[in-house]
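A short worksheet on the structure shown next.
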Amino acid sequence: MTSVINVNLPEQSYEIAITSLRDATRTLSYANASSSLDQLGQQMASLKLGKKVLLVSNPTIFKHFGERAIASLKSAGFEVASCTLPPGERYKTLNSIQKLYDIALENRLERSSTMVALGGGVIGDMTGFAAATWLRGINVVQVPTTLLAMVDSAIGGKTGVNHPHGKNLIGAFHQPRLVLIDPEVLKTLPMREFRAGMAEVIKYGVIWDAELFAQLEASKRLDQLRYVKPELIHTILMRSCQAKADVVSKDEKEGGLRAILNYGHTIGHAVESLTGYRLVNHGEAVAIGMVAAGQIAVELGMWEKEDAERQNALIQKAGLPTQLPSGVDIEAIIDALQLDKKVKAGKVRFVLPTEIGVVTVTDEVPSDIIRQVLRGI
């Protein structure tokens, strides 16, 4: 069964197609990995895209799913080239984008051509940015293979790469033509990456969807796919993607409301950058950032301490960190916050909760409160 969520935008609306997880406890055979990948070519053909396609992945994901995706595309009449890029945030650079440009040129991609991102958030961000900038913009289709990408980064058109001094400082808004999600591929996902995705899911519960938050609280475990019921996985995907679609539809380019999606990301991005994208992954950094933002809200009298404790308990249930990595300098975090994309007139904007399911954006957070909170986590 496939469920469809529409992302309604003035210029280019698109669908998020989500298939159902059959049995979270069954071991996945790579040979029969994903039914939705067999439909990729057919789904793209229905969009009347040009015939040339560049499939972008990383070596591990390509080994599992690449040939299957290519076979589907070719069976639908597409001419397919492929490229693999190394995994990890530290490779999300302009050097990697240059490789994509070179292959796009070699294969004569045209303005009607499509880049397909088969992978997690790093692959999705880089492929989207390359598509946004090649020939001033060609099509991109997102086929996310991590929970984090499924619920967050594959949706909404944010693309980009990192600068040595900050995350995602180079980028563009470029909406996909299609997002194709099959949770069956999560069965190949390392446990740590599944937990990283749960950080973004918890985020949606705090900022937008109190019912999702309650359902997460009712689950005994959130740290491994095998312990989460397939029905809850479907709910997580549907409600998270719907939340992202609702926000993006109201504010495509982060003029106002969309900023709430950055909950936990302000301090989280600083932690990622300062640890060289090696010590903590994105979801772990966001979890730490949510703990910090929640405590800032408590200190400012905006949020009840009990709600902050409920949030932190969910983060711990998902096997995510709630403390800063040892050795991270607090003053370095304060300095790094000034490089955040959300800084306006020199003031750092924080997304802070006021109740479960409701947040506000403010730039009135004193530095001494930030320091105090960071010293306590």
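The values are calculated or read from the model by the stated rules, or taken from the named source; none is laboratory data. This one's a predicted model, so the numbers in the text were calculated from it and none came from an experiment. Here Cβ is always computed from backbone atoms with ideal geometry, including for glycine, and neighbour counts include all displayed protein chains.
Count, please, the residues in the range 147-195 that happen to be β-branched (Val, Ile, Thr) and assigned to a strand (DSSP E or B).
5
Given the criteria over 30 Å from Thr235 (Cβ atoms) and surrounded by fewer than 24 Cβ atoms within 10 Å (Cβ to Cβ), does Ala130 qualify?
no
Considering (1) farther than 27 Å from Gln323 by Cα; (2) under 16 Å from the mean Cα position of the chain (by Cα), say which one Asp251 fails and leave the rest.
Of (1) farther than 27 Å from Gln323 by Cα; (2) under 16 Å from the mean Cα position of the chain (by Cα), only one is false for Asp251: (2).
Could you figure out which of (1) touching a helix residue (DSSP H, G or I) at 6+ places or on another chain (Cβ under 8 Å); (2) over 17 Å from Arg22 (Cα atoms); (3) surrounded by fewer than 20 Cβ atoms within 10 Å (Cβ to Cβ) isn't true of Gln224?
(2)
Count, please, the residues in the range 322-360 that happen to be part of a loop (DSSP other than H, G, I, E, B), surrounded by 13 or more Cβ atoms within 10 Å (Cβ to Cβ) and of a type outside the set (S, T, N, Q). Outline the logic, then answer.
If we filter the range 322-360 for residues that are part of a loop (DSSP other than H, G, I, E, B), which is where we start, we get 322-329, 338-343, 345-346, 348-349, 356-357.
Still in the running and surrounded by 13 or more Cβ atoms within 10 Å (Cβ to Cβ): 322, 324-325, 328, 339-343, 348-349, 356-357.
Subsequent filtering for residues that are of a type outside the set (S, T, N, Q) retains 324-325, 328, 339-343, 348-349, 356-357.
Number satisfying all stated conditions: 12.
Condition (residue is surrounded by fewer than 19 Cβ atoms within 10 Å (Cβ to Cβ), in contact (Cβ under 8 Å) with a residue 60 or more places away in the chain, in contact with a strand residue (DSSP E or B) (Cβ under 6 Å, 6 or more places away or on another chain) and within 16 Å of Ala293 (Cα to Cα)) applied to the range 361-372: is it met by at least one residue? Can you show your working first?
Start the filter on the range 361-372 by keeping residues that are surrounded by fewer than 19 Cβ atoms within 10 Å (Cβ to Cβ), which leaves 361-364, 366-369, 371-372.
Subsequent filtering for residues that are in contact (Cβ under 8 Å) with a residue 60 or more places away in the chain retains 361, 369, 372.
This time we only want the ones that are in contact with a strand residue (DSSP E or B) (Cβ under 6 Å, 6 or more places away or on another chain), so: 361.
Okay, now just the ones that are also within 16 Å of Ala293 (Cα to Cα), so 361.
Scanning the range 361-372, I find at least one residue that is surrounded by fewer than 19 Cβ atoms within 10 Å (Cβ to Cβ), in contact (Cβ under 8 Å) with a residue 60 or more places away in the chain, in contact with a strand residue (DSSP E or B) (Cβ under 6 Å, 6 or more places away or on another chain) and within 16 Å of Ala293 (Cα to Cα), so the answer is yes.
For Val122, state whether it is touching a strand residue (DSSP E or B) at 6+ places or on another chain (Cβ under 9 Å) and either at positive phi or of a type in the set (Val, Ile, Thr) (or both).
Values: touching a strand residue (DSSP E or B) at 6+ places or on another chain (Cβ under 9 Å): no; either at positive phi or of a type in the set (Val, Ile, Thr) (or both): yes.
For Val122, the condition - touching a strand residue (DSSP E or B) at 6+ places or on another chain (Cβ under 9 Å) and either at positive phi or of a type in the set (Val, Ile, Thr) (or both) - is not met.
Do you know which residues across the range 147-197 are in contact with a strand residue (DSSP E or B) (Cβ under 7 Å, 6 or more places away or on another chain) and hydrophobic (A, V, I, L, M, F, W, C)?
Answer for the range 147-197, where residues must be in contact with a strand residue (DSSP E or B) (Cβ under 7 Å, 6 or more places away or on another chain) and hydrophobic (A, V, I, L, M, F, W, C): Met150, Ala154, Ile155, Val161, Leu169, Ile170, Ala172, Phe173, Leu178, Val179, Leu180, Ile181.
Return yes or no: is His174 surrounded by fewer than 24 Cβ atoms within 10 Å (Cβ to Cβ), in the same structural domain as Gly121 (by TED's automatic domain parsing) and under 18 Å from His265 (Cα atoms)?
So His174 fails the test.
Being within 19 Å of Pro353 (Cα to Cα), surrounded by 21 or more Cβ atoms within 10 Å (Cβ to Cβ) and β-branched (Val, Ile, Thr) is the filter here, so list the residues in the range 261-303 that pass it.
Scanning the range 261-303 gives Thr266, Ile267, Val286, Ile288, Val291, Ile296.
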